[in-house]
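Step one of this worksheet: look at the structure below.
The values are calculated or read from the model by the stated rules, or taken from the named source; none is laboratory data. Keep in mind that what you see is a predicted model, and the values were worked out from it rather than measured. Reconstructed Cβ throughout: ideal geometry from the backbone, glycine too, with neighbour counts over all protein chains shown.
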Amino acid sequence: MIKGYLGIDIGSISTKGVVIDNKNNILASEYLWTEGDPMGAVKRLLKVLEKQLKGKDVKIVSVGTTGSARKLIGVMTNASVVKNEITAHAIGTTTLHPDVNTIFEIGGQDSKIIIIENGFVVDYAMNTLCAAGTGSFLSSQAHRLGVPVEEFGKIALTSQHPTNIAARCTVFAESDLVHKAQIGHKKEDIIAGLCKAVVTNYINNIGKGKKIKAPIVFQGGVSKNVGVKKAFEDAVGCEVLVDPNGHLMGAFGVAVLARKSGIEKSFSFDVADMEFKTTGFECPKCANHCEIICVFKDNELIDSWGNKCDNGAVKINRRNNG
Amino acid sequence: MKIGIPRALLYYKNEKLWTTFFDELGVEYIISPETNKEIVNAGANLAIDETCLPTKILLGHIDWLKDKCDMVFLPRVATAHGYGMCTKFLAQTDLVSNTFREHKLKLVFYNIDKRGTKAEYKAFKKMGKFLGFKRSQIKFAFFTAKQAQLYYEMFRTQNQERILQESKKNKVLVLAHAYNIADAFIGEPIVRALKQLDCEPIIAEYCDAKTCIKASTEISKTLPWAYNKHLVGAVSLLKDKVDGIVILTTFPCGPDSMVNEMIMHKVKNVPILVLTMDAQDATAGIETRLESYVDIINFKKERENE
């Protein structure tokens, strides 16, 4: 029997799962859409992973979760490690590329830059208020141009003269894009211009004041877009690496963390068949009106959070679930 | 007669001074409760968009007080420690009186517009006379109150120095104005989150003001604002004694927007995190940022130990 470590990264747009062994080899992996239902997505994810592991005699001994729904899924899967996505990505990338100095990451709704020195994270930055220049921006523009977002990169590479598009704000970018199309710019030029705009926006906002040093790894969903990759290379003047498993890096990183934690907790793929439910309510006990989330497993309350003070604490019957 | 004291802005700088002064004179007062979401929302509805979050919160507190007292206490202060202040402290009295003009809100206040140690006493004397007290009564109440505030701050400073020496945890210097760090809506969740992450928050505001202002020249000689000088001074005093610095700013703060950049340019070798808060309460983003920031501190320590 091989010991397996499961890492799950539940983002706003996509859910990623990776199973590794104790030498960090990937035994199974899957990437699917969250579709606004993190628990449902994880159930589907677990089913696929279980199928991939069939006949390999792997036993999952530890689970790690990351991404925006890490807490919820951590409770659901009885995780040993619940880690923020910045650390998870950094750990994942430095495990595969120990010499990396800069990580660019553009996901569905957020973008970040992580600065690494000698294998340790020393600085990071994340987009703050808006999602301009992230995956969701690109896919909404692709929709507007009537091009599938998956082909965006390929089309961008055919352009000779990328159009200049203002990308500071999604709303302005959209009106600029419409204007450029109306005055006769070619579609591939506009698409290449969009890729360039994403990069300009990223370098000016997220990368502002940061020391960008090669080797650079580019990951997150948008890294699959070769147009954006090329625009990055033009902007920083050196090669930008895209790992074939770049989209799984968060899940991989948290699996590594789960392995390193040494905490082994029972886990079974049967979780996928159990019924999990969440309810949210507004706490009426004081003027803060905290939104409290309760998680139920087979109609039994297993965890709750969201309260700012003890008034809103929901009592959990610990006797029944050890 | 009952005076209403808003728990906002200058309250956090003068808590003991004000309450002791009114206690000594036997003036009845009511202090608005700790900031909560209702107060923030009420304030945001009353304010124009451009005002900063702490000003919105002030308006929320006044809104809470307006029917519960006869007069609202809100001083107009232009200088502190001989240096200038953010314009909101000069403007707040007039801003509130204008915002609540249809409500015919009565205000009681003192004005400090001159530099020097006597200005504050003179200002209190004038306000005391307005409230109908004799000079001797006011003098006694003021100096007792001044003592109380002094001892309160001294105790706070000493307590923190002890923690700084004894604590074995990761020490994180939290840079935030008095009215932000102590506010239940802005600063408290950050301090609590840092403690949960097993860090020891060191509050810049709790360092001695005069020592800090003197030390601030190491980072900038020309910084004009008294409260920012205090915070910057805390950085130059403590930057080698702490493991990290968290700068907590409210949106949109004019002085901070410049001072934060300056600190980041001039202070190296200490991980710095800037957190900007606005009226939305997005604790998830804050948690992710603080968590990964504390990871960076731990990674740095690990590397230094290797």
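Before we move on, is A:Glu85 buried (at least 18 other Cβ atoms within 10 Å of the Cβ), in contact with a His (Cβ under 7 Å, 6 or more places away or on another chain), within 14 Å of chain B (Cβ to nearest Cβ) and under 27 Å from B:Leu197 (Cβ atoms)?
Numbers: buried (at least 18 other Cβ atoms within 10 Å of the Cβ): yes; in contact with a His (Cβ under 7 Å, 6 or more places away or on another chain): no; within 14 Å of chain B (Cβ to nearest Cβ): yes; under 27 Å from B:Leu197 (Cβ atoms): yes.
So A:Glu85 does not fit the description; no.
Out of all the residues in the stretch A:114-126, is one or more modelled with pLDDT of 90 or more, in contact with a Pro (Cβ under 7 Å, 6 or more places away or on another chain) and more than 24 Å from A:Ile263 (Cα to Cα)? Looking for residues that are modelled with pLDDT of 90 or more, in contact with a Pro (Cβ under 7 Å, 6 or more places away or on another chain) and more than 24 Å from A:Ile263 (Cα to Cα), one finds none in the stretch A:114-126, hence no.
Being touching a residue at least 60 places away in the same chain (Cβ under 8 Å) and not assigned by TED's automatic domain parsing to the domain that holds A:Trp33 narrows it down to one of A:Gly146, A:Gly107, so name that one. Walk me through it before giving the result.
Details: A:Gly146 fails: touching a residue at least 60 places away in the same chain (Cβ under 8 Å).
Testing whether each residue is touching a residue at least 60 places away in the same chain (Cβ under 8 Å) and not assigned by TED's automatic domain parsing to the domain that holds A:Trp33 leaves just A:Gly107.
Does at least one position in the stretch A:158-173 carry a residue that is assigned by TED's automatic domain parsing to the domain that holds A:Gly207, exposed (fewer than 15 other Cβ atoms within 10 Å of the Cβ) and under 10 Å from A:Gly227 (Cβ atoms)? Scanning the stretch A:158-173, I find at least one residue that is assigned by TED's automatic domain parsing to the domain that holds A:Gly207, exposed (fewer than 15 other Cβ atoms within 10 Å of the Cβ) and under 10 Å from A:Gly227 (Cβ atoms), so the answer is yes.
Is there any pair linking a residue in the stretch B:161-187 that is closer than 17 Å to B:Asp278 by Cβ to one that is aromatic (Phe, Trp, Tyr) and crowded, with 24+ Cβ neighbours inside 10 Å, with Cβ under 8 Å and at least six apart or on different chains, and which? Once the first residue is closer than 17 Å to B:Asp278 by Cβ and sits in the stretch B:161-187, its partners that are aromatic (Phe, Trp, Tyr) and crowded, with 24+ Cβ neighbours inside 10 Å give B:His177/B:Tyr227.
Take the residues in the stretch A:195-247 that are of a type in the set (Ser, Thr, Tyr) and either within 14 Å of chain B (Cβ to nearest Cβ) or surrounded by 23 or more Cβ atoms within 10 Å (Cβ to Cβ) (or both); name whichever of them is farthest from A:Thr93 (Cα to Cα). Full working, then the answer.
As a first pass, look at the stretch A:195-247 and keep what is of a type in the set (Ser, Thr, Tyr): A:200, A:202, A:223.
After this cut, where a residue has to be either within 14 Å of chain B (Cβ to nearest Cβ) or surrounded by 23 or more Cβ atoms within 10 Å (Cβ to Cβ) (or both) as well, the list is A:202, A:223.
Working: A:Tyr202: 20, A:Ser223: 14 Å.
Checking each candidate, the answer is A:Tyr202.
Looking at the structure I just gave you, is B:Asp198 among the charged types (D, E, K, R) and either crowded, with 19+ Cβ neighbours inside 10 Å or within 17 Å of the chain's Cα centre (by Cα) (or both)? For B:Asp198, the condition - among the charged types (D, E, K, R) and either crowded, with 19+ Cβ neighbours inside 10 Å or within 17 Å of the chain's Cα centre (by Cα) (or both) - is not met.
Scanning the stretch B:6-43 for residues that are part of a loop (DSSP other than H, G, I, E, B), within 14 Å of another protein chain (Cβ to nearest Cβ) and not charged (D, E, K, R) yields B:Ser32, B:Pro33, B:Thr35, B:Asn36.
If you go through the stretch A:53-72 and keep only what is within 14 Å of the chain's Cα centre (by Cα) and of a type in the set (Val, Ile, Thr), you end up with A:Thr65, A:Thr66. Screening the stretch B:268-293 for residues that are part of a loop (DSSP other than H, G, I, E, B) and of a type in the set (A, V, I, L, M) and picking the one that is modelled with the lowest pLDDT gives B:Ala282. Being over 28 Å from A:Arg44 (Cβ atoms) and basic (Lys, Arg) is not true of A:Arg70.
Does the stretch B:65-85 include one or more residues that are under 18 Å from the mean Cα position of the chain (by Cα), over 26 Å from B:Gly254 (Cβ atoms), more than 14 Å from every other protein chain (Cβ to nearest Cβ) and part of a helix (DSSP H, G or I)? Break it down into steps so the answer makes sense when it comes.
First, the residues of the stretch B:65-85 that are under 18 Å from the mean Cα position of the chain (by Cα): B:73-85.
This time we only want the ones that are over 26 Å from B:Gly254 (Cβ atoms), so: none.
No, every residue in the stretch B:65-85 fails to be under 18 Å from the mean Cα position of the chain (by Cα), over 26 Å from B:Gly254 (Cβ atoms), more than 14 Å from every other protein chain (Cβ to nearest Cβ) and part of a helix (DSSP H, G or I).
For the stretch A:106-134, the candidate set comprises residues that are assigned to a loop (DSSP other than H, G, I, E, B) and surrounded by 24 or more Cβ atoms within 10 Å (Cβ to Cβ); within that set, the residue that is nearest to the other protein chains (Cβ to nearest Cβ) is A:Gly107. Evaluating B:Tyr293 against the criteria (1) closer than 18 Å to A:Ala125 by Cβ; (2) without any contact (Cβ under 8 Å) to a residue 24 or more places away in the chain; (3) at the interface with chain A (Cβ under 10 Å from one of its Cβ atoms) leaves one unmet condition, (2).
Quick grid of which residues meet (1) at pLDDT below 85; (2) among the basic types (Lys, Arg):
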site	(1), (2)
A:Gln160	no, no
A:Ile165	yes, no
A:Gly184	no, no
A:Lys224	no, yes
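The single condition from (1) in a helix (DSSP H, G or I); (2) over 25 Å from B:Met264 (Cβ atoms); (3) out of contact with any strand residue (DSSP E or B) (no Cβ under 6 Å at 6 or more places or on another chain) that A:Asn201 fails is (2). Out of A:Leu72, A:Leu157, A:Leu177, one residue alone is touching a helix residue (DSSP H, G or I) at 6+ places or on another chain (Cβ under 7 Å), within 14 Å of another protein chain (Cβ to nearest Cβ) and more than 15 Å from A:Ile13 (Cβ to Cβ). It is A:Leu72.
Being at pLDDT 90 or above and within 14 Å of chain B (Cβ to nearest Cβ) narrows it down to one residue among A:Ile60, A:Ile103, A:Ile20; which is it?
Details: A:Ile60 fails: within 14 Å of chain B (Cβ to nearest Cβ); A:Ile20 fails: within 14 Å of chain B (Cβ to nearest Cβ).
After ruling out the rest, the residue left standing is A:Ile103.
A single member of A:Gly36, A:Gly11, A:Gly64 is outside the structural domain of A:Ser140 (by TED's automatic domain parsing), of a type outside the set (D, E, K, R) and free of Cβ contacts under 8 Å to residues at least 40 places away in the same chain, and it is A:Gly36. The set of residues from the stretch B:168-195 being more than 18 Å from the chain's Cα centre (by Cα), within 14 Å of B:Tyr293 (Cβ to Cβ) and part of a helix (DSSP H, G or I) comprises B:Ala193, B:Leu194.
So which residues in the stretch B:243-267 are part of a helix (DSSP H, G or I), surrounded by 16 or more Cβ atoms within 10 Å (Cβ to Cβ) and either in contact with a Ser or Thr (Cβ under 7 Å, 6 or more places away or on another chain) or among the hydrophobic types (A, V, I, L, M, F, W, C) (or both), if there are any at all? Quick ask: steps written out before the conclusion?
Quick first cut of the stretch B:243-267, residues part of a helix (DSSP H, G or I) only: B:254-266.
Retained after the next criterion (residues that are surrounded by 16 or more Cβ atoms within 10 Å (Cβ to Cβ)): B:255-256, B:259-260, B:263.
Listed by number, the residues that qualify are B:Asp256, B:Val259, B:Asn260, B:Ile263.
Taking first residues from the stretch B:241-258 that are closer than 22 Å to B:Val294 by Cβ and partners that are charged (D, E, K, R) and not in a strand (DSSP E or B), the Cβ contacts under 6 Å between residues at least 6 apart in sequence or on separate chains come to B:Thr249/B:Asp256. Here B:Val108 qualifies as of a type in the set (A, V, I, L, M) and touching a residue at least 40 places away in the same chain (Cβ under 8 Å). Every condition in (1) of a type outside the set (A, V, I, L, M, F, W, C); (2) over 17 Å from A:Arg70 (Cα atoms); (3) modelled with pLDDT of 90 or more; (4) over 17 Å from the mean Cα position of the chain (by Cα) holds for A:Lys43 except the one numbered (2).
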